[in-house]
Amino acid sequence: MPTSLSRFDADSDWWEKLGLRGDASKPTGPYEHRLARAAHDVLRAHPPTAFASGDGAAPLSLEDVVALVDAAAAEAKREHESEWERDAEEQRRIGWEKIEGSLAGSDADDRISIGRWAGISRGEAIAWCWNLFQYEPHGFVHPGTEVRARALNSLRAGDIPEVFGYPERARELKARGVLPREYRRYREALGSKIAPVPLAPTDE
């Protein structure tokens with residue numbers, strides 16, 4: 001979204017000054033292209049001289065409307081950042097809850113005997129999963145999205161997923177003397193962004 005008219009050169013279409021573009025879908029053939037071109041030419045040849053204020057006040061200039069659009073965009077950005085921070089705080093709370101629960105569970109000290117988590121205690125493996133899913137996320141591009149969804153559903157069901165190199169990453173951190181709680185405190189001290197982990201099962 002533009003912040004001022006200065007961001008546009010003199011050849012910009014007037015609607016671009018409002019951060020608007022034509023239909024994102026491209027014409028599918030010569031006829032559709034001709035129709036789109038004709039509409040574009042008409043709009044470009046007839047820029048608005050004023051905009052209704054909406055409250056009965058004096059008409060607004062294009063510059064006035066651009067300023068209103070910029071103000072609305074700035075407010076939307078503030079609201080988005082505020083919502084993101086609230087969500088992030090909730091994710092941090094949930095992460096700590098899951099980690100403490102896994103490390104205090106009755107089977108927390110049980111050693112995993114098979115698979116890529118072999119040799120690590122069950123409680124520690126689950127704690128590492130929550131840490132890494134939140135602070136070293138993968139799987140946001142297909143087909144990784146399906147892998148991530150299945151793995152998170154498995155984690156919520158009490159299983160320990162072996163995905164995204166997390167078992168190996170946990171071993172690497174463990175070999176350096178880093179424990180799950182220390183890792184999370186370090187990430188929080190750095191102000192690292194935390195990836196959302198849905199609490200309810202998601203479609204795979």
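What number of lysine-lysine pairs in the chain show an alpha-carbon separation below 20 angstrom, given a sequence spacing of 8 or more or placement on distinct chains?
4
Report the trypsin sites (Lys or Arg not before Pro) located in segment 145-204 that are in a DSSP loop and have at most 10 other Cβ atoms inside 10 Å of their Cβ, or state none.
For trypsin sites (Lys or Arg not before Pro) across segment 145-204 that sit outside H, G, I, E and B with at most 10 neighbouring Cβ atoms in 10 Å, the list reads 176.
At 1.4 Å probe size, with the rest of the protein present, what percent of the exposed accessible area of the chain is carbon and sulfur atoms?
Carbon and sulfur together cover 55 percent of it.
If I ignore ligands, DNA and RNA and count only protein heavy atoms, how much of residue 51 is accessible to a 1.4 Å probe, in Å² to the nearest 10?
50
On full extension of the chain, what length is gained from residue 76 through residue 172, given 0.36 nm per residue of separation minus the C-alpha to C-alpha distance?
Additional length available on full extension: 30.4 nm.
Probe 1.4 Å, all protein chains in place: accessible area of residue 84 in Å², nearest 10?
It works out to around 100 Å².
Determine the per residue accessible area of segment 46-168 with all protein chains present and a 1.4 angstrom probe, expressed in square angstrom.
It amounts to 55 Å² per residue over segment 46-168.
Order 152, 179 by their accessible area, 1.4 angstrom probe, all chains in place, largest first. Could you put the intermediate results ahead of the total?
Details: 152 10, 179 85 Å².
Correct descending sequence by accessible area is 179, 152.
Quick one, what does Rg over Rh come out to for the chain if you take C-alpha atoms and the Kirkwood Rh?
Here Rg/Rh amounts to 1.21.
Given H placed 1.01 Å from N in the peptide plane, which residues other than close sequence neighbours of residue 51 have an amide H under 5 Å from its amide H?
60, 61
The values are calculated or read from the model by the stated rules, or taken from the named source; none is laboratory data. For clarity, every value in this text was computed on a predicted model and none was experimentally measured. Using ideal geometry, Cβ is built from the backbone for each residue, glycine included, and neighbour counts are taken over all protein chains shown. Each accessible area value is taken on the protein alone, full model and side chains, heavy atoms only, with ligands, DNA and RNA left out. Shrake-Rupley method; radii C 1.70, N 1.55, O 1.52, S 1.80 Å.
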